[in-house]
Amino acid sequence: MHYKVLAVPFLLSSLHFIVHSLEPYDLLYDNGIEAYYRNDFQKVVYYMEMALSSFSQLRHTKLGCRLGCKQRFPFQESPKNWDLNFASAMLHRAACVEQCEEGSLGALSRHRVTEDIKSEFYRRIPYNFLQRAYYKLNQLDKAIEAAHTFFMANPEHMEVQQNLKYYQVQSDIPLSDRERRVYMDEYQTGIKLYDQEQYEQAIKHFEEALKGYYRADVECRVMCGGPQKFNEYEYVDYSATLYEGIADHYMQVLVCEHECVRDLSTRPGRLSPIENFLPLHYDFLQFSYYRVGDHVKALECAKSYLLFHPNDLDVSENVSFYESLISVYMDPAEVKPRKEAAEFVRRHRLESEVLHVAADGLGFLYNEPDFWVTGGDRQDENRILSGSELLDVTGLLSGKKAVQKIDRELREGGPLVYDRVKLVHTSEYLNGTQRVQLDDVITEEECKELHGVANTITLGGDGYRGKTSPHTPNEKFEGATVLKALKFGYEGRVPMKSARLFYDVSEKARQIVQSYFMLNSTLYFSYTHLVCRTALQGQQDNRNDLSHPIHADNCLLDPEANECWKEAPAYTYRDYSALLYLNGDFDGGEFVFTKMNAKTVTASIKPKCGRLVGFSSGGENPHGVKAVTSGQRCAVALWFTLDPMYRELERLQADEVIRSLDQDSKGRSEDLTINPKDEL
């Protein structure tokens with residue numbers, strides 16, 4: 001196939017892009033955070049709004065370029081020379097996209113950001129800074145808008161929840177979500193009208209929701225065409241053939257496109273999607289159209305729903321009923337499922353087949369989720385009775401999944417190993433499973449010594465890629481590992497005795513946890529961290545946030561779904577956790593266990609010197625830390641695993657250092673017992 005010379009200027013003008021170099025949004029975001037810590041709230045607003053605008057424009061530009069170039073250079077299905085036709089279209093499309101994007105954005109390398117920054121924008125963190133800054137600048141309407149936008153993705157954030165209540169008392173400005181997904185709003189509005197039996201209005205909103213969903217699906221899929229990760233390859237040694245290289249990249253893209261179903265069904269800030277989201281549009285519509293007397297469209301929508309769930313007996317009965325109603329004036333076979341639904345399901349199933357072929361033939365790892373699970377039996381019982389009347393429907397309610405269970409025998413009450421250690425509270429008192437509170441694990445002198453070590457060796461943001469305030473902007477976080485302590489001891493920057501104490505105390509805690517929970521196998525260190533949280537002066541008024549948000553240690557807590565997803569990026573191999581506190585001379589900072597909703601506190605523990613809290617690391621033990629409002633809170637944080645494959649590398653290195661020190665000490669001791677005459 002012959003292609004015309006690429007005319008990028010025409011393409012750019014047709015897409016209405018502003019040709020200039022766009023400022024990287026991660027740089028603007030960092031400038032905004034720096035301004036926040038300087039209390040320069042005008043600059044906070046300037047940089048955060050610029051960062052959000054740049055983030056939005058970056059996506060808009062990429063969407064426009066990729067969609068425009070895809071339309072301009074389509075893949076032609078031709079049996080003759082198909083590979084050359086495909087390659088020609090691909091090369092022209094690649095050149096088109098590159099020139100289009102660089103013409104609007106500048107050098108594309110300037111817009112590559114870390115996964116952490118992407119995550120913060122996905123979680124809408126910039127809006128939290130904005131709401132604070134706008135409030136300080138007495139711009140209440142904008143503060144409300146920013147706070148609500150942030151809160152919609154972070155409904156567990158107590159501080160912003162309180163702020164919103166305060167703002168609403170001060171102003172009657174309606175709440176507005178700047179990042180709202182319009183099709184989701186339309187869907188929710190449709191459900192409300194449906195429940196009120198306003199079916200004609202509900203139909204309008206459900207239809208708009210469907211249009212918006214399919215537009216969003218196109219956008220989601222086209223954004224999958226960017227760079228992909230290949231974690232299993234070392235590219236220095238990568239020597240794939242042409243087809244292997246294409247397959248490697250294409251499978252990553254295909255997974256991304258295939259899982260747009262999950263992304264588009266998931267509300268901001270949530271981990272789990274709305275169950276059965278897309279099919280439910282057709283389910284609601286089929287009954288709404290029936291209620292307004294449009295039996296043809298009711299049949300059309302019911303058949304569309306059956307594309308997703310062909311074995312649904314209830315809707316199948318509805319189809320039979322609708323067909324009996326229209327058979328007097330037309331052939332029911334002429335009514336087909338909606339074209340967009342049929343194409344969507346056909347493509348989705350074909351993608352699934354390709355992914356399974358790759359998994360079987362190429363060793364490509366992919367576990368396909370059930371995208372349209374209905375949560376068990378239909379809650380609405382939307383069926384035909386006696387062939388004459390439909391029962392009322394209030395919507396398919398998603399059933400909650402069972403809370404994740406621990407896959408081993410649960411025991412506790414074993415010996416505490418050391419004489420001084422006191423058992424304070426068991427799981428029963430702490431209202432949970434596999435929990436324990438102990439006192440006098442270390443002495444006051446050891447606490448003071450370790451606290452002194454912490455103030456010498458801990459580094460801001462250690463363990464969080466240098467972020468000094470990874471959990472809340474109102475506190476500074478500092479940390480250090482065992483190996484770092486030993487390194488400082490070797491260099492003489494702290495007494496080696498004190499560095500050794502950190503190592504010995506963490507080992508003591510490991511032995512206690514392993515023994516108390518009566519584990520049949522060895523408990524290994526997964527990560528060891530000496531951590532301090534310090535309240536920042538001038539930022540403690542009316543705090544309702546947490547020093548560390550509610551979470552679980554080996555799974556992704558999803559309070560709305562009452563589930564904890566044991567999947568990346570969670571540290572799924574962690575089995576037990578412990579915190580050994582070094583002091584209690586600060587305000588706030590209580591350790592709390594909660595229910596799976598991340599709100600209902602089941603136990604609260606005030607830190608003090610020598611107190612240890614140990615617990616299993618899964619979804620059975622959600623926990624967090626209340627705000628530290630003054631002073632500094634220090635502790636030894638410990639995570640353990642039963643799988644030796646996930647032993648902490650730095651701990652193994654620290655073990656070697658300790659063995660070397662012990663051997664040197666033994667050697668010096670033996671030298672002191674040698675008879676001087678023997679050296680002659």
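The values are calculated or read from the model by the stated rules, or taken from the named source; none is laboratory data. Just so it is clear, the structure is predicted and the values come from calculations on it, not from any experiment. With ideal geometry, Cβ positions are generated from the backbone for all residues, glycine too; neighbour counts draw on all protein chains shown. These accessible areas exclude ligands, DNA and RNA; they are computed on the full protein's heavy atoms, side chains included. Shrake-Rupley method; radii C 1.70, N 1.55, O 1.52, S 1.80 Å.
So which of Leu58, Leu105 ends up being within 30 Å of Phe151 (Cα to Cα) and surrounded by 14 or more Cβ atoms within 10 Å (Cβ to Cβ)?
Leu58
For Leu140, which of the numbered conditions (1) closer than 21 Å to Ser53 by Cβ; (2) among the hydrophobic types (A, V, I, L, M, F, W, C); (3) open to solvent by 10 Å² or more (accessible area, probe 1.4 Å) fails to hold?
(1)
Which members of region 534-550 meet the condition of being touching a residue at least 40 places away in the same chain (Cβ under 8 Å) and either under 15 Å from Leu580 (Cβ atoms) or assigned to a loop (DSSP other than H, G, I, E, B) (or both)?
Result: Leu536, Gly538, Gln539, Gln540, Asn542, Arg543, Asn544, Asp545.
Look through region 584-610, keep the residues that are in a loop (DSSP other than H, G, I, E, B), touching a Lys or Arg at 6+ places or on another chain (Cβ under 7 Å) and of a type outside the set (Asp, Glu), and return whichever of them is most open to solvent (accessible area, probe 1.4 Å).
In this case the residue turns out to be Gly584.
Mind counting the residues in region 559-576 that are out of contact with any helix residue (DSSP H, G or I) (no Cβ under 6 Å at 6 or more places or on another chain) and open to solvent by less than 30 Å² (accessible area, probe 1.4 Å)?
Here the count works out to 6.
More than 25 Å from Arg181 (Cα to Cα) and hydrophobic (A, V, I, L, M, F, W, C), is that true of Leu84?
So Leu84 passes the test.
Any residue at all in region 423-436 that's modelled with pLDDT of 95 or more, exposed (fewer than 15 other Cβ atoms within 10 Å of the Cβ), under 21 Å from Leu519 (Cβ atoms) and in contact with a helix residue (DSSP H, G or I) (Cβ under 9 Å, 6 or more places away or on another chain)?
yes
List the residue pairs whose Cβ atoms are under 9 Å apart, where the first residue sits in region 78-101 and is open to solvent by 60 Å² or more (accessible area, probe 1.4 Å), the second is among the aliphatic types (A, V, I, L, M), and the two are 6 or more positions apart or on different chains.
Asn81/Met1; Leu84/Met1; Glu98/Leu108; Gln99/Leu6; Gln99/Val8; Gln99/Leu11; Gln99/Leu12
Would you be able to say whether some residue in region 147-163 is of a type in the set (Asp, Glu), touching a helix residue (DSSP H, G or I) at 6+ places or on another chain (Cβ under 9 Å) and open to solvent by 20 Å² or more (accessible area, probe 1.4 Å)?
yes
Between a residue in region 239-251 that is at pLDDT below 75 and any residue that is of a type in the set (D, E, K, R), which pairs come within a Cβ distance under 7 Å, given they are 6 or more apart or on different chains?
Cβ pairs passing all conditions: Ala240/Asp248.
Hey, among the residues in region 493-515 that are of a type in the set (A, V, I, L, M) and touching a residue at least 60 places away in the same chain (Cβ under 8 Å), which one's surrounded by the fewest Cβ atoms within 10 Å (Cβ to Cβ)?
Met496
Could you grab me the full set of residues in region 171-227 that are hydrophobic (A, V, I, L, M, F, W, C) and in contact (Cβ under 8 Å) with a residue 60 or more places away in the chain?
Result: Met184, Ile191, Ala202, Ile203, Phe206, Ala209, Leu210, Val218, Val222, Met223.
Can you run down the residue pairs with Cβ atoms below 7 Å, 6 or more apart or on separate chains, where the first is in region 316-327 and in contact (Cβ under 8 Å) with a residue 12 or more places away in the chain and buried (at least 17 other Cβ atoms within 10 Å of the Cβ) and the partner is among the basic types (Lys, Arg) and part of a helix (DSSP H, G or I)?
Val319/Lys303
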